[in-house]
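Below: one structure, written as structure tokens.
Every number in this text was worked out from the coordinates using simple rules, so none of it is lab data. None of the values given here were measured: they were computed from a predicted structure. A quick note on method: Cβ atoms are made from the backbone with ideal geometry, for glycine too, and the neighbour counts reach across all protein chains shown.
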2 protein chains.
Amino acid sequence: MKHNFGAGPCILPQEVFKQASQAVLNFNDTGLSILEISHRSKEFIAVSEDAIKIVKELMNVPEGYSVLFLQGGASLQFAMVAMNLLQEGKKAAYLETGVWAKKAIKEAKLFGEVEIVASSKDANFNFIPKGYSIPEDAAYFHITSNNTIYGTELFDIPKTNVPVICDMSSDIFSRDINVADFDLIYAGAQKNIGPAGATLVIVKDEILGKVNRTIPSMLDYKVHIEGESMYNTPPVFSIYVSLLNLKWLKSKGGIAAIEKENIAKADALYQEIDRNPFFKGTAAVEDRSRMNVCFVMENPELEKDFLKLAEEKGCIGIKGHRSVGGFRASIYNALPITSVHVLIEAMQEFAEKHK
Amino acid sequence: MKHNFGAGPCILPQEVFKQASQAVLNFNDTGLSILEISHRSKEFIAVSEDAIKIVKELMNVPEGYSVLFLQGGASLQFAMVAMNLLQEGKKAAYLETGVWAKKAIKEAKLFGEVEIVASSKDANFNFIPKGYSIPEDAAYFHITSNNTIYGTELFDIPKTNVPVICDMSSDIFSRDINVADFDLIYAGAQKNIGPAGATLVIVKDEILGKVNRTIPSMLDYKVHIEGESMYNTPPVFSIYVSLLNLKWLKSKGGIAAIEKENIAKADALYQEIDRNPFFKGTAAVEDRSRMNVCFVMENPELEKDFLKLAEEKGCIGIKGHRSVGGFRASIYNALPITSVHVLIEAMQEFAEKHK
């Protein structure tokens, strides 16, 4: 049995894999594969509409927001956000909390002035900056709600009159958020939404249409809204599996229920990290991510041995990102708490062996 | 039994569906789904490299060209081509052969001057213009090799000193072409490559880097080439299924073998259209597509009845695009000739019944 702690693309529920596998052979008893149906067929239009509907339902998306399934991942959103929202002569404000925020900043600079309101760069991004002020004349303020590499998560969404844009790629659908606190949310699918290849965007319609630059059709949110998320051929299979996964989430009790489980999983693992003298966490305690638990060993020379033991127990994908080192256990929605217990047991067994 | 004549996303080989379905449960005996493996895992890096390798092999891609699997479909390429290649102060030349060419032209105009060297617009795009001249000072010349809606195909690739860019979305891998005749080829996957969600680009490296405008990273071919087609999380499953499908093509004898089959399928169907007094083709005979066979009925009032008969025999997806009407039978690589025979039989049965 494998316990997939990979940072993404990542584990999805086993029943989603079964349903998706079946649909590749015979989708909804059509006698056709989900891979060969037209995106303009009534069957797929229903999938697309249901996927949008269930996003709205699970996240309580208020009126006045559009939900889109696009392509290109968060990386394309970095450019699209600035292209669509950074008005000429204005500046954009960014919170620099990691390498993904840095990439978002880099793309925004192609379209105008960027002010970095705060950064935890000097501490290798091991905390979320607080107490900064957001310029009132900014076109928007951009945050990254969860930083996979460093295991930090932004729990207090800043209140401001400036539109708030959030890269929620790695913690969307993991905890209750108030969509009305945001003006645009985007997320690559490949953590808690579905397989790689789709990108979810939730955007408040009224913030659009305020820039004068020419925007290619495929990069224009308004074009995709008018096309009802089907301006061109969408990533059919990724959207279908996202629908399956979000239905699974709904059947589990929705975001409120999964948030409890996620807290239980994270608490159990952080408790072991804090208790076990061989390990220590790398992120500031108050900013610890519930999705990506980053830790190192007091004696780094033992890390290879622990990795080996964990892998023998079926724990995969726990090697930390090279910029932090040590370990990163990603514990997304679909990872069962039993897998977390296996990892904790490995940590305890290791400590016992080496004491 | 269904005979899928859909225009795309379209039929793929049944054995590809079986292999893909299995990989969603257990990919290459890893004990993991193809949907949950990291795109940086050695397993997926091998998939990506193999997919690029088999494209180069099947199409005999010469040295000096890069092969990329991107996202966003041909629609995003419309903008990327102009953004990356339309030098400031130069103009781009386009051949207008249908609605997709028109969309490509629209996006190019955002980045500079466009000259339409010839158009078959006045004839509802039912032929491929010939005998036009390409301005020698153009930044590039853009063609669409196959026009799904109108059932036309461009067989004589123009010889010119100007870089030739080709949207090959609907006939790539269906016939032998000489890659050296082109400087950039792009194609949405969802016809003869694989499922929707991936976009193939084959680009001659030396044409890049000649524009001065700022290009967002995700839209810059050079960035994707440097990232070895993995600058960001790629559409893992679409690329994997594309690899399976191209392996199937190779096992069938490659492009030379499939081209023979495609000619046999198209010839059989066009012969029936020309022979059967109830039907007539809509495209100019010399430009008839081997991928999309468009035809109408001499008496349009009978079209509903024929559609019903064909559907009773399992032929689906044959309704013509609204701008042409009648029927469109898409007979991509994976559609067996036996399916074409079923459609021909339906046409003969219909004629017999109504004579």
Inter-site label distance for residue B:136 and residue B:57 at 7 Å from Cα along Cβ, in nm
4.3
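Using only the Cα atoms, what convex hull volume per residue in Å³ does region B:178-247 have? Before the final figure, lay out each step's value.
On the way: hull volume 7.4 nm³, N = 70.
Here the figure is 106 Å³ per residue.
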Just flag the GluC sites (Glu not before Pro) in region A:165-261 sitting in loop per DSSP whose Cβ has no more than 14 other Cβ atoms within 10 Å.
A:228
extent check for region A:257-339: Cα max minus min per principal axis, descending, whole Å, gives 39, 29, 24
Label-point separation (nm) for residue A:122 and residue A:46, each offset 7 Å from Cα along Cα-to-Cβ?
5.9
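Which FRET efficiency value, to the nearest 0.05, is calculated for residue A:354 and residue A:275 with the Förster distance at 25 angstrom and r the Cβ-Cβ distance? Spell out each step's value before the answer.
Details: r = 15 Å, r/R0 = 0.61.
Once the sixth-power term is evaluated, E becomes 0.95.
Kindly give Rg over Rh for region A:14-251, based on alpha-carbon atoms, with the Kirkwood expression for the hydrodynamic radius. Before the final figure, lay out each step's value.
Details: Rg = 18.2 Å, Rh = 18.5 Å.
Rg divided by Rh gives 0.98.
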Distant alpha-carbon pairs in region B:227-299 (separation over 15 angstrom), percent:
68
Label point at residue A:299 placed 7 Å out along Cα→Cβ; residues across region A:243-282 whose backbone nitrogen lies under 11 Å:
A:278
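Count neighbours as other Cβ atoms within 10 Å of each site's Cβ, and list the GluC sites (Glu not before Pro) in region B:11-51 that are DSSP loop with at most 15 such neighbours. If you can, show how the numbers build up before the last one.
Details: sites: B:15, B:36, B:43, B:49; in loops: B:36.
Here no GluC sites (Glu not before Pro) fit, given the DSSP loop and packing criteria.
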How big is the antiparallel share of DSSP beta bridges in region B:14-251, given as a percent to the nearest 5?
45
Length gained, residue B:18-residue B:178, 0.36 nm per residue minus C-alpha separation, equals 54.4 nm
Spelling it out for residue B:326: with amide H atoms placed in the peptide plane at 1.01 Å from N, the residues 5 or more places away or on another chain with amide H under 5 Å from its amide H are B:320
So the label point sits 7 Å from Cα along the Cα-to-Cβ vector; using that for residue B:62, what distances do you get to the other copies, in nanometres, sorted shortest first?
6.0
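Over chain B, what is the mean sequence separation of C-alpha contacts under 8 Å (at least six apart), divided by residue count, expressed as relative contact order in percent? Mind dumping the intermediate values first?
Details: 683 pairs, mean separation 81.3, N = 355.
Reported relative contact order: 23 percent.
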Relative contact order as a percentage, region A:80-164, C-alpha pairs under 8 Å and 6+ apart, gives 33
Restricting region B:206-268 to chymotrypsin sites (Phe, Trp or Tyr not before Pro) in coil, as DSSP defines it, with at most 14 other Cβ within 10 Å
none
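Roughly what percent of Cα-Cα pairs across the protein assembly as shown reach past 51 Å? Please list the in-between numbers first.
Working: 35804 of 251695 pairs.
That fraction is 14 percent.
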Under a straight-distance cross-link criterion of Cα-Cα below 17 Å, which aspartates and glutamates are reachable from residue B:204, leaving out those fewer than 8 residues away in the same chain?
B:57, B:63, B:167, B:181, B:183, B:220, B:226, B:228
Rg (Å, one decimal) plus Dmax (Å, integer) for the alpha carbons of region B:104-196?
13.5, 38
Could you go through region A:34-47 in sequence order and give the Karplus-derived ³J(HN,Hα) for each residue, using 6.51 cos²θ - 1.76 cosθ + 1.60 with θ = phi - 60°, rounded to whole Hz, and x for Gly and Pro?
4, 7, 10, 8, 5, 6, 9, 6, 5, 4, 6, 4, 5, 4
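Where does region B:1-123 land on Rg(C-alpha)/(2.2 N^0.38 Å)? If you can, show how the numbers build up before the last one.
On the way: Rg = 20.0 Å, N = 123, 2.2 N^0.38 = 13.7 Å.
Here the answer is 1.46, to two decimals.
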HN-Hα J in Hz across region A:259-264 - Karplus 6.51, -1.76, 1.60, θ = phi - 60°, x for Gly and Pro:
4, 4, 4, 5, 5, 4
Which residues qualify? For residue B:92, with a placed amide H closer than 5 Å and at least 5 residues away or on another chain, they are B:113, B:114, B:115, B:139
If you project the alpha carbons of region B:198-355 onto their three principal axes, what span does each projection cover, largest first, in Å?
64, 37, 28
Would you please give the residues with an amide H less than 5 Å from that of residue A:118, counting only those at least 5 places away or on a separate chain, with H modeled from the backbone geometry?
A:96
